[in-house]
Each structure stands twice: as structure tokens, then as C-alpha cells.
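All of the numbers you see were taken from the coordinates with simple rules; none came from a lab. No experiment lies behind these values; they were computed from the predicted model shown. With ideal geometry, Cβ positions are generated from the backbone for all residues, glycine too; neighbour counts draw on all protein chains shown.
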Amino acid sequence: MEDGRKVLSNVIHSQVDLHTEFGGVVPELAARDHLERLPHLLELALEEAAIGADDIDLLAVTRGPGLVGCLLVGVGVGEGLATGWGKPITGVNHLWGHIYAAMITQPDLEPPLLGLVVSGAHSDLVYMPEHGRFQVLGRTRDDAAGEAFDKAARMLGLGFPGGPALDRLARIGNPGRQPLPRPSLPGLEYSFSGLKTALLYRLRDLGQSVTDQDRADLAAAFEQSVVESLLEKLNQAMLQRPPLKEVVVCGGVAANSLLRRRAAEVVAGRARLTIPPLELCTDNAAMIAAAGSFTGRQPADVDPSLSW
Ligand code: KG4
Ligand code: ZN
């Protein structure tokens, strides 16, 4: 990254093929693959950016949350490079990265902002008053939105990775034909496990008689319940806060086409909405570098009980 906003290279190696036969991510395999691939990926990144070690001011590495084996590999490689090259290094929270993907997308985007960060493990509403400070306003009590999509996709026989497949199937479904409950907790908390169970029971009731159209209708109903629940709390958070000019929706689930469309409708006329393009929604290195360049030189002074 240059100046925290301009992507010089963003090399991604997907591990989907590695994990497909297991129907989900196998942590040990993921960590080993990180170790094997990182050196070559780093070479590619430098080559694509057409820079050398001398051009680098700061290294950024994800320090968590995530799979501990993968984090260890990343931190080990990062610290090795920092020592070898004599450069400073900063640890970045993975969720900061998702928010900073929006700063890459919208060059004049600055805090304060309200963020909805939806990934495989998080569904967090966060207030960001300034760079490097994040106050979590609400999160999920049980499953994250991405996890719920992945589990629902598996129940519908869509395999791994489930979220994108469910998105595609939902496009040919009618959410009104097989309606599912919409989760609703007081305040700004989310819960998706009840919805997941409702889908399980519906599929059990349909049994052998379930048709492809039923599956598409259920995918659409499930997607609609998750998306409307996410946006209902975003709407509530927007009403509670003093008027904020900037809203960000990000994380892997922000690649979902219904969420992108409905978020634009909910936020329209009230604030500017930034949703990163698909390749910056799902996990990537550019967002971590961007977060590192905005936060790396001034460690955030935050209350750990309130923030990421
Ligand atoms: O942020 P991310 O790439 O990785 C984590 O930090 O977890 O998010 C991955 C999650 C997965 O649960 C995946 O199924 C979901 O994002 N996802 C989607 C879509 N694309 C990715 N969920 C719904 N619709 C999509 N189009
Ligand atoms: Zn992520």
C-alpha cells in the first residue's frame, strides 16, 4: 500500500480447494499451507508492486482474531522480515482491516463513522470516532452472519464455501413462499442460531419431498431474514448516534448481493454508504496494510472491554 489508500499489489491465494473435501476449514491444514505459500506470495507481491525492501517503511501483520496456527505463521514471517530488513512492524486487528478496506475504496473517507462488520466469525456494529479507535455497539450472541450462511448452505446441500453459493441460489428463490422467522433481540445484539434451527426443522418437515425450488425459496428466505436483521440494528444504531455522515458495511458477508442492495436503500439520504468491492470485502492483505499505515505509528489508547 502507498499512503494507506493506494493498492500497489494485493495477492491472494485461496485455500478453498484445500478444504473443500472436508466441508469446512481444517485449522491445521490452513496453517501449514500458510507456511508453505507465504514466501512465494511475498515475492509475487513485491514483484507486482515493482518495489524492493528498501522502499518499505512499515510492515503490518494480522495479530488476531483468527485461527491461531495461521496467525502464528503470519506473525513469525512478519517479524522475520522486519528483523532481516531492519524495518518497523505493527500488529493489526483483523476487524480493523475490514473497516480500512472501505478507506481504500473511498479515498476521502475519514472517521467518525458507523461500521457494520460481517464476516465468518463476527457480526459487529462499531462506532469509529477516529483512526485506530473502535467502540463495539453490538455483536452476536451466538453465530456470526457468515457462519449462519455457511451452515444454512450446508443444510441445503450447497457445500463449501457456503455463503457465495447460497447467495446465487437465493437469486432464483422467492422468500415469501417458505418464510422463516426474523431474529429480533432487544438493543443492538444479533442472534442467528434460532433461524438456523428453524431452517433445519423446515427441511426435516419437507423430508424427501423437498424440491429444487423449495431449496431456492428457503435460501432466499434465510438470506432475507439475516440481511433484514443486520440492517434493522444498523438502522437503530444510526438513530441512536448523533447524525453521522459515513456508514461502512464490510467483511466477507458484505459481498452478499441482497445485503449490498438493501443497505444502499436503508442508508440512502441519511449518510454516505461505503461497501468495498467484492475482492476487498473478503479477507485480503491490502486491508491489513491500510489499517497498519493509519494506526501503526500511534498505538490506540482504548478500553479493551469496549473495543476490538
Ligand atoms: O471476512 P471473511 O472473508 O473471512 C472471515 O474473516 O471470516 O468472511 C468470510 C465469510 C464466510 O462465512 C462466507 O460464506 C461469507 O463471508 N460470504 C458470503 C458471501 N461471500 C462470502 N456470505 C453471503 N453471501 C456472499 N456473497
Ligand atoms: Zn475477515
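Bin by bin, in steps of 10 Å, what percent of the Cα pairs in the stretch 1-135 do you find, going until the bin that has the longest distance?
So the P(r) values, bin by bin, are 10, 35, 37, 17, 0.
Tell me, how many Å apart are the Cα centres for the stretch 228-293 and for the stretch 39-115?
What the calculation gives is 22 Å, centre to centre.
Using modelled backbone amide H atoms (1.01 Å from N, in-plane), which distant-in-sequence or interchain residues come within less than 5 Å of Glu246's amide H?
Leu114, Arg272
How large is ³J(HN,Hα) for each residue in the stretch 31-46, as worked out from phi by the Karplus curve 6.51 cos²θ - 1.76 cosθ + 1.60 (θ = phi - 60°), to whole Hz, x for Gly and Pro?
Result, rounded to whole Hz: 5, 4, 5, 4, 4, 6, 8, 4, x, 5, 4, 5, 4, 4, 4, 5.
For the stretch 9-105, run through the GluC sites (Glu not before Pro) and keep only the ones in DSSP coil with at most 15 other Cβ atoms within 10 Å of their Cβ.
Here the GluC sites (Glu not before Pro) that fit, given the DSSP loop and packing criteria, are Glu21.
Throw me the Rg/Rh for the stretch 187-308, computed over C-alpha atoms with Kirkwood Rh, two decimals.
Result for the stretch 187-308 is an Rg/Rh of 1.06.
Would you list, by chain and number, the lysines whose Cα falls below 30 Å from the Cα of Lys245, excluding same-chain residues fewer than 8 positions away?
Lys6, Lys233
According to the Cα gyration tensor, what semi-axes, each the square root of 5 times an eigenvalue, does the equivalent ellipsoid of the chain have, listed from largest to smallest in whole Å? Walk me through the numbers on the way to the answer.
Numbers: eigenvalues 231, 117, 51 Å².
Whole-Å semi-axes of the equivalent ellipsoid: 34, 24, 16.
Which far-off residues, 5 or more places away or on another chain, put their amide H under 5 Å from the one on Arg133, with H placed in the peptide plane?
The list, which skips near neighbours in sequence, is empty: none.
Put +1 on the Cβ of each Lys and Arg and -1 on the Cβ of each Asp and Glu in the stretch 130-229; which of Thr211, Leu169, Val227 then has its Cα farthest toward the positive end of the dipole?
Selected residue: Thr211.
What does the helix-only formula give at 222 nm for the chain: each DSSP H stretch with n ≥ 4 adding -39500 (n - 2.57), the total divided by the residues, and the result rounded to the nearest 500 deg cm²/dmol?
Here the helix-only value at 222 nm equals -15000 deg cm²/dmol.
Starting from the amide H of Leu109, placed 1.01 Å from N in the peptide plane, find each other amide H under 5 Å away whose residue is 5 or more places distant or on another chain.
none
So what J values fall out for the stretch 120-137 if you push phi through Karplus, 6.51 cos²θ - 1.76 cosθ + 1.60 with θ = phi - 60°, rounded to Hz, Gly and Pro as x?
x, 10, 9, 9, 10, 9, 9, 9, 10, x, 7, 4, x, 10, 9, 10, 6, 8
Scale the Cα Rg of the stretch 217-281 by the rule-of-thumb value 2.2 N^0.38 Å and send over the ratio, two decimals.
Compactness ratio reported: 1.12.
At a 10 angstrom cut-off on C-beta neighbours, averaged per residue, how do the peptides 133-146, 215-228, 172-185 rank from highest to lowest?
Order by mean packing, descending: 215-228, 133-146, 172-185.
Using 0.36 nm times the number of residues separating Asp142 and Arg154, minus their current alpha carbon distance, what extension gain do you get?
2.5 nm
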